[in-house]
Each structure stands twice: as C-alpha cells, then as structure tokens.
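The values are calculated or read from the model by the stated rules, or taken from the named source; none is laboratory data. Just so we're clear, the structure is a prediction, and the values are computed from it rather than from any experiment. Using ideal geometry, Cβ is built from the backbone for each residue, glycine included, and neighbour counts are taken over all protein chains shown.
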Amino acid sequence: DGSASLRVPSGATLPWEYTTVQGTGDLQIDPGATLLLSGNSSRSLYTRTLRNQGNVTMTDGGSLWLYASADIVNSGSVAIQGSGVLYGSGSGITFTNSGSVSKTTPDPVTYSGITYIDQGGTLSPLIRFQP
C-alpha cells in the first residue's frame, strides 16, 4: 500500500507467490533483477504499474490479475514457463512491450481484459491479448 515506488535492484530476486500489491507508485524491476511468480496462487496488482527492465518469470499455473488501471510496461524479458495467465479487470489496462515476451509451453493462451501495445518488442505467437 501507499504511494512510494517498490524497487527490485539489480542482482536481486523478488519471489511473489501470492497476495496483493497496491498503491500508486511503480513496481520497478531493474536491469539484472528478477520478479519470480511461482506456484499456482493468484496475485493481484492494483493501480500500480509493473515496470520491468529486468526479468519477470512466471512458472506453474498461477495467475496475475491487473485491477483499476494497473499496467505492465516491459523493456526487459517476460517468460511464461507454465500455464500461468494474466487477467485485466477494469478499463484502460495495458501491456506495453519493447522487450521480449516468451512462452515455453506449446499451448496457446489468450489474456483477456488487457490491451497489448507493441513498441518494437517480440511476442510469442502462442500469446494473444484481448481487450
């Protein structure tokens, strides 16, 4: 909670197994840092922008819900290594990508409620976004 930005510095890994992160500051993943979403739990991001310049790795079958204009801005690497999913609930939720978004399992997936904005990044052909 709160208005301060939360920062994961280079060389650090933040495991996010469950719970809600909310507030008005960014959740900043610096170059060389990792945000690890592991396990089958649901996580929620309220109003904050997840600003990734490092690595976000989603393993297993958990989910990340974006609420109340929460956004993802990726200039690093996002790796979906399981059946994990993203959901958007609210208006104006976006995933802006100038980095890479990959999926290692062969099953295609559609992420609902999220508008994808391509800024020269790469997106796995197995991933679709539906506003």
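Just checking, which of Gly82, Gly88 is touching a strand residue (DSSP E or B) at 6+ places or on another chain (Cβ under 8 Å), part of a loop (DSSP other than H, G, I, E, B) and crowded, with 18+ Cβ neighbours inside 10 Å?
Going through Gly82, Gly88 in turn, the sole match is Gly82.
Count, please, the residues in segment 5-18 that happen to be surrounded by 14 or more Cβ atoms within 10 Å (Cβ to Cβ), assigned to a strand (DSSP E or B) and not β-branched (Val, Ile, Thr).
Going through segment 5-18 one residue at a time, the tally reaches 3.
For segment 91-131, give me each residue that is of a type outside the set (Val, Ile, Thr), closer than 19 Å to Gly61 by Cα and outside any loop (DSSP other than H, G, I, E, B).
Ser102, Lys103, Tyr111, Ser112, Arg128, Phe129
Name the single residue that is surrounded by the fewest Cβ atoms within 10 Å (Cβ to Cβ) among those in segment 27-43 being more than 13 Å from Asn74 (Cβ to Cβ) and at pLDDT 95 or above. Working first, answer last.
Taking segment 27-43 first, the residues more than 13 Å from Asn74 (Cβ to Cβ) are 30, 32-34, 36-43.
Next cut, at pLDDT 95 or above only: 30, 32-34, 36.
Working: Asp30: 17, Gly32: 14, Ala33: 21, Thr34: 21, Leu36: 16.
Top of the filtered list is Gly32.
Among the residues of segment 108-131, is there at least one that is modelled with pLDDT under 90 and either charged (D, E, K, R) or closer than 16 Å to Trp16 by Cα (or both)?
For segment 108-131, residues modelled with pLDDT under 90 and either charged (D, E, K, R) or closer than 16 Å to Trp16 by Cα (or both): absent.
Taking the conditions exactly as written (on the phi < 0 side of the Ramachandran plot, at pLDDT 95 or above and of a type in the set (Gly, Ala, Ser)), does Ser89 satisfy them or not?
Considered against the rule, which asks whether it is on the phi < 0 side of the Ramachandran plot, at pLDDT 95 or above and of a type in the set (Gly, Ala, Ser), Ser89 comes out as no.
Need pairs with beta-carbon distance below 6 Å; first residue more than 19 Å from Ser77 (Cβ to Cβ) and within segment 1-12, second of a type outside the set (Gly, Ala, Ser) and in a strand (DSSP E or B); sequence gap 6+ or separate chains.
Close Cβ pairs (under 6 Å, with a partner that is of a type outside the set (Gly, Ala, Ser) and in a strand (DSSP E or B)) amount to Asp1/Gln22; Ser5/Gln28; Leu6/Leu27.
Identify all residues within segment 66-78 that are in a strand (DSSP E or B) and in contact with a Ser or Thr (Cβ under 6 Å, 6 or more places away or on another chain); write none if there are none. Reasoning before the result, please.
Step one: filter segment 66-78 for residues in a strand (DSSP E or B), giving 66-67, 71-74, 77-78.
Correct list: Tyr67, Asp71, Val73, Ser77.
For segment 19-65, give me each residue that is of a type outside the set (D, E, K, R), under 21 Å from Ile93 (Cβ atoms), assigned to a loop (DSSP other than H, G, I, E, B) and in contact (Cβ under 8 Å) with a residue 24 or more places away in the chain.
Within segment 19-65, Gly23, Thr24, Ser41, Thr47, Gln53, Gly62 qualify.
Of all residues in segment 94-107, how many are at pLDDT 95 or above and not hydroxyl-bearing (Ser, Thr, Tyr)?
Total satisfying the criteria: 4.
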